[in-house]
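The structure under discussion appears below in the form of structure tokens.
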Amino acid sequence: MSDLSFFDLPIKPALLNNLESLGYMQMTAVQATALPEVLAGKDVITQAKTGSGKTAVFGLGILNKLDVSALNVQSLVLCPTRELADQVAAELRRLARGIPNVKIITVCGGASTRSQITSLEHGAHVVIGTPGRVKDLLDRGALLLDALKLFVLDEADRMLDMGFQDALDEIIAFIPMQQQTLLFSATYPVTIASIANRVMQQPIMLKIEGTNDAVIEQNFYRVKANHERLAGIELLMLVHRPERVLIFCNTKADVKAVTQAVLDFGFNALALHGDLEQKDRDQTLIRFINKSTTVLVATDVAARGLDIDDLDMVINYHIASDTEVHLHRIGRTGRAGKQGAVHSFYAAKESYKMQRLSEFLGIQISNQQLPQTAGYQSKPYKPPMMTIRLSGGKKEKLRAGDVLGALTSENGIHGQQVGKITLFDYCAYVAVNREVATVALNKLRHDKIKGKTFKAWLLKD
Ligand code: ADP
Ligand code: MG
């Protein structure tokens, strides 16, 4: 965290007051370094690691410049994945709470183009999307950028990794001159420099090193075989009792095997890999994010761009073959000043990876001892919440408040027992405290919401 306060910067009072209500008291290092330049209208390239608070840098830049009275697209943000775009949109909406009527929409692949065109026709101030779909909408003339003031490339390196180079090139051709461009990236390969050259004017380059924001403790354990890795996972969980753990595997087969093993230990676990359909992927992520599942086991590709914060623990079943990938994995814990722990298993033959990693991190890596025993008291535990799936969503005009109202009305449960409510077009996921899950389920099954009865299912552990 920095000593500089948001209040030292020329930010609209409505935005400042809301920052306080969000609990953003001090700026992170990235914010203190980049925000003054962004607010001054400069083109800025920012290199910083995950979890350092970059969204608020461009988010405040966008909102501070925004003229709500003109309903046209004033800012465009490109993100590598739909999940990331959704998360950026959510953060922007939170930041925008102090300003009424800001229209922020997301346009990503995997959702209907038709409905996105309709939303654009209704007007938007800020458009957040993935490169493929944004390009498509530009080509069709559905997305107009004449009034663009700010163009943001978030996680530019990931977008290139995912093969969006061509789409980016084509989008850049639509960007009017004279607007401000901000580019964020964890790394800065030449391919990004060439994009930057084409769309930016004398950009300021900022590189925020610093481990001063996130505190990440890294532990390495040398093992001989996979059963030792699994036994290690069980011990670490029983000893540290994390609320949410992300376990990274290098292959899909490992994801399946590890998920099964963790289930056999008695914990709740879900797998995330490339074979899942979008619906199952959404459902899995929701159950992990809303604390209905303790363990998520994932491949790097499946977890790419996924921005889950507040993880207590990240486990590397195998060390990633690539140092950047390792850094990306561990960046998911210890966010914004919170303590996080990373546990990595490696075999003797992976020593070369360890060598590279220790050179890169500039630290001495030594083999640590796993806890020898979990103690007598320690048993597997369940996550605090359970998820109910409801057969109605945004298209039925359901809002989170309607669902909350139904749950907490007569003979229902307490507001504090309701967790995250996530709405899709045709369904909703509602997290409720495990102890009152059956009561909540019956309420949602029998009570009318918005004058209608919906189907509801409890997602089994
Ligand atoms: P990045 O894009 O750099 O990976 P995010 O913008 O997603 O990081 O921020 C990571 C987390 O830190 C988010 O949960 C965000 O709400 C929180 N955060 C950002 N800025 C601050 C701040 N100044 N004070 C407290 N929390 C913050
Ligand atoms: Mg980010």
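Sort out which residues of the stretch 260-317 are over 17 Å from Leu230 (Cβ atoms) and among the small types (Gly, Ala, Ser), and write them in order of number. Selection gives Gly274, Ser292, Ala302, Ala303, Gly305.
If the condition is being hydrophobic (A, V, I, L, M, F, W, C), within 16 Å of Glu91 (Cβ to Cβ) and away from ligand 2 (no atom under 15 Å from the Cβ), then the stretch 37-65 contributes only Leu63. Evaluation of Gly340 against the conditions (1) in contact (Cβ under 8 Å) with a residue 24 or more places away in the chain; (2) surrounded by fewer than 23 Cβ atoms within 10 Å (Cβ to Cβ); (3) not in a helix (DSSP H, G or I) shows that the sole unmet condition is (2).
Table: residues versus (1) closer than 30 Å to Ala347 by Cβ; (2) among the aliphatic types (A, V, I, L, M); (3) buried (at least 17 other Cβ atoms within 10 Å of the Cβ); (4) under 23 Å from the mean Cα position of the chain (by Cα).
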| site | (1), (2), (3), (4) |
| --- | --- |
| Met177 | no, yes, no, no |
| Thr187 | yes, no, no, yes |
| Arg198 | no, no, no, no |
| Gln202 | no, no, no, no |
| Gln218 | yes, no, yes, yes |
| Asn226 | yes, no, no, no |
| Phe248 | yes, no, yes, yes |
| Val262 | yes, yes, yes, no |
| Leu272 | yes, yes, yes, yes |
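Of all residues in the stretch 131-167, those being part of a loop (DSSP other than H, G, I, E, B) and within 16 Å of ligand 1 (Cβ to nearest atom) number 2.
Scanning the stretch 58-78 finds no residues that are within 27 Å of Ala186 (Cα to Cα), buried (at least 20 other Cβ atoms within 10 Å of the Cβ) and modelled with pLDDT under 95. For first residues located in the stretch 17-34 and at negative phi, partners that are at pLDDT below 85 and near ligand 1 (Cβ under 6 Å from one of its atoms) and lie 6+ apart or on another chain with Cβ distances below 7 Å form the pairs Thr28/Ser52; Thr28/Ala336; Ala29/Ser52; Val30/Ser52.
Taken together, Gln26, Gln31 contain a single residue that is under 17 Å from Ser185 (Cβ atoms) and either touching a Phe, Trp or Tyr at 6+ places or on another chain (Cβ under 8 Å) or not hydrophobic (A, V, I, L, M, F, W, C) (or both), which is Gln31.
Take Thr46 and decide whether it is in contact (Cβ under 8 Å) with a residue 40 or more places away in the chain, within 12 Å of ligand 1 (Cβ to nearest atom) and outside any helix (DSSP H, G or I). So Thr46 fits the description; yes. Filtered by the rule that a residue be modelled with pLDDT of 75 or more, β-branched (Val, Ile, Thr) and surrounded by 23 or more Cβ atoms within 10 Å (Cβ to Cβ), the stretch 297-337 gives Val297, Val314, Ile315, Ile319, Ile330. Here the stretch 9-42 is the region considered, the condition is being outside any helix (DSSP H, G or I) and within 19 Å of Phe151 (Cβ to Cβ), and the residue that is farthest from ligand 1 (Cβ to nearest atom) is Gly41.
The values are calculated or read from the model by the stated rules, or taken from the named source; none is laboratory data. Just so you know, these numbers come straight off a predicted model, no measurement behind them. Here Cβ is always computed from backbone atoms with ideal geometry, including for glycine, and neighbour counts include all displayed protein chains.
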